[in-house]
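All remarks here apply to the structure that follows.
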Amino acid sequence: MNLFRLLGDLSHLASIFILIHKIQTTRSCRGISFQTQALYVTVFVARYIDLFFRWISLYNFFMKIFFIASSVYILYLMKYRYRPTHDPSIDTFKVEYLVGPAVVLSLIFNYKFEFTEILWTFSIYLEAVAILPQLFMLQRTGEAETITTHYLAALGAYRALYIPNWIYRYFTEDVVDPIAIVAGLVQTGLYLDFFYVYFTKVLQGQKFELPA
Amino acid sequence: KGAVEVHDEL
């Protein structure tokens, strides 16, 4: 474990707390893409299946349990608890266009052609693009509640912090994970225009609004 | 550089 990855995981943790806090305080999931949240549950279940057969550490164990449980809880909040505030008509990104290629790529580019390894690879590729329905919705509405932008900033920072973690591990532990690195760069790249608006507007106290 | 054996990252 290194500081970058720890900060990344804490940023990921924070993003989930911010999202749950937003849904509970505003009693609504307005502006949140259900599809993106459902993709994250898929990512966590596919990636953390090794909970049943591989022990890494107490930290790893509890974080995996937390991420699966909290992301399922968010789906529950959106689908049942605050259902009336969920508007599927603006959450229309075709997730088949994300899941399909992730499946195909995981069958071609993987480290070992084994079931759990292909699931892990699929989760890595899917996570890289899982935010697209959310960004698509943001683009369509053209604005977002400030707390939602803090959620996205924390979520974007999580994988961005993994990049220095991979550089650090390359030089200190002599390990490299090309699949995770390429996917992580794509994932972080998708946030760049959001971060531009976030840092130039939201952090200057303005509302998050995309240029019309 | 050794490719990663066990996925120890989240």
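FYI, it's all coordinate maths here, none of it is from the lab. This one's a predicted model, so the numbers in the text were calculated from it and none came from an experiment. Ideal geometry is used to build each Cβ from the backbone, glycine not excepted, and the neighbour counts take in all protein chains shown.
Okay, here's what the table says:
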read-out	value
Phi-based couplings in Hz for the stretch A:205-210 (Karplus 6.51, -1.76, 1.60; Gly and Pro marked x)	x, 8, 6, 6, 9, 7
30 Å tail of the calculated P(r), the protein assembly as shown, as % of Cα pairs	22
Links that overshoot a 29 Å alpha carbon limit, given the list A:LYS22/A:LYS64; A:LYS22/A:LYS94; A:LYS64/A:LYS207	A:LYS64/A:LYS207
Amide H within-cut-off set for A:ALA144, under 5 Å, with H built and near neighbours excluded	A:PHE208
Added length on full extension, which subtracts the Cα-Cα distance from 0.36 nm per residue, A:PHE195 to A:THR146	16.3 nm
Packing-based exposure ordering (other Cβ within 10 Å, fewest first) of A:MET137, A:MET1	A:MET1, A:MET137
Two-site FRET efficiency, A:VAL186 against A:ARG83, from Cβ-Cβ distance with R₀ of 22 Å, rounded to 0.05	0.10
Cα Rg, Dmax, the stretch A:1-118, angstrom units	16.2, 46
Dipole magnitude of the protein assembly as shown about its Cα centre (Cβ charges: Lys, Arg +1; Asp, Glu -1), debye to nearest 20	660
Rounded if a/c under 1.5, otherwise prolate or oblate - the stretch A:101-212, Cα gyration tensor axes	oblate
Spin-label pair A:ILE108/A:THR92, simplified geometry with 7 Å Cα→Cβ offset, distance in nm	3.0
Gyration tensor verdict on the stretch A:55-123 (Cα atoms; rounded if a/c is under 1.5, prolate if a/b is larger than b/c, oblate otherwise)	oblate
Intensity falloff of the stretch A:24-76 expressed as log10 I(q)/I(0), Debye formula with alpha-carbon point scatterers, at q = 0.21, 0.23, 0.32 Å⁻¹	-0.78, -0.86, -1.25
